[in-house]
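Here is the structure we will look at, set down as structure tokens.
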Amino acid sequence: MGEQDHPPKTPECDLARVSYCLFSPGHLSYRSSMKIRGFLILATSVALAACAGSGTGFLAGRQALLRGEPDNAVGYFDQVAQADPSSVVNSPPPRKSIWTYVGRAHYNAGRYAQAKTALDKALTYVKDDHVARLYRGLTMIRGYTAPPPATTFTLQEISYALREGVSPRRVGAIARERGVAFDLNIETENQLKTAGADSILLDDLKKLRAERANQSKPGDSQRSEGAKEIGAALTGLRDWLDYTIASTSQGRFWDPSGEIRAEISNGIRAATAGQPDWATIVANAESVGYKLEEESDRARRDESNDNRRQPR
């Protein structure tokens, strides 16, 4: 194939593939296909506008990550990282390298080897990046499976299909044909529910990934090293959260119920146990990473509302 047959990768390129896979003749009507193609043109224009500056590009990437579009998120974050590899993200806290977000996006997409490479870079720039260390440990426990076939369904494609009105039953049928490229965790499961997934589809996706995961499990030494990383990361996050709550003006808006701190304490116990329960360690660490990201938005929102209520 010539060079003209390989268009450059953009943040929206996988939407083009899902348009072909799900909405081409034989899957949905011609009218639906035209609707999707119109959306793709608009999405590409939005992507180009969003990447005009590093700050805007980061925000667009974070929005994509939280929507369940990790492939788009990687495109945005990677542009910021390539422009300034030492870029540090202070908001949302805690302090992180831009490479942490590159790694998180790869992680949610199920690309654990690429995630670890990005997270290793993050820790060279920000040595106390506890979120990077948390997800680095998770990649070591999840393992580095071989890349799935190009036709395998991604989280982004399934999220997009559901939002465009494709029934969960139809998505499940195609997923069973092609396989899935990612693991469900509290974050990706909530994103799929928001997009329109039902419990039957979620169960199907879990079973499909379990079959693939059983084919390639990491060794005990690698998983033990991952647990150590997670334990160290959670300890660092606990100390940071304790300091934030006790010593900063925004602290009273962070984790007012104590739920996140309790989950961190449970995670430290699980990661340092003599007989580790790997499923519990992974589920807890993923939950802490997800809830901290959400909590930063909630704390900022509560602080803003409180400031508006103050007498002038």
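Summary of values
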item: Kirkwood hydrodynamic radius of the range 155-213, Cα pairs, Å; result: 11.1
item: Rg(Cα)/(2.2 N^0.38 Å) for the range 55-125, N = residue count; result: 0.96
item: Rg/Rg_ref, the range 101-197, where Rg_ref = 2.2 N^0.38 Å and atoms are Cα; result: 1.19
item: Least to most buried among V288, V74 (fewest other Cβ within 10 Å first); result: V288, V74
item: 5 Å binning of all Cα-Cα separations within the range 242-284, expressed as whole percents from 0 upward; result: 5, 22, 22, 16, 13, 12, 7, 2, 0
item: Dimensions in Å of the range 168-312 - Rg and Dmax from alpha carbons; result: 19.1, 63
item: Amide hydrogen neighbours beyond the local backbone of S97, cut-off 5 Å, H modeled; result: V89
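Computed from the coordinates by the stated procedures, all read-outs in this text should not be read as laboratory data. All values reported here derive from a predicted model rather than from experimental measurement. Every residue, glycine among them, receives a Cβ derived from its backbone with ideal geometry; neighbour counts consider all protein chains shown.
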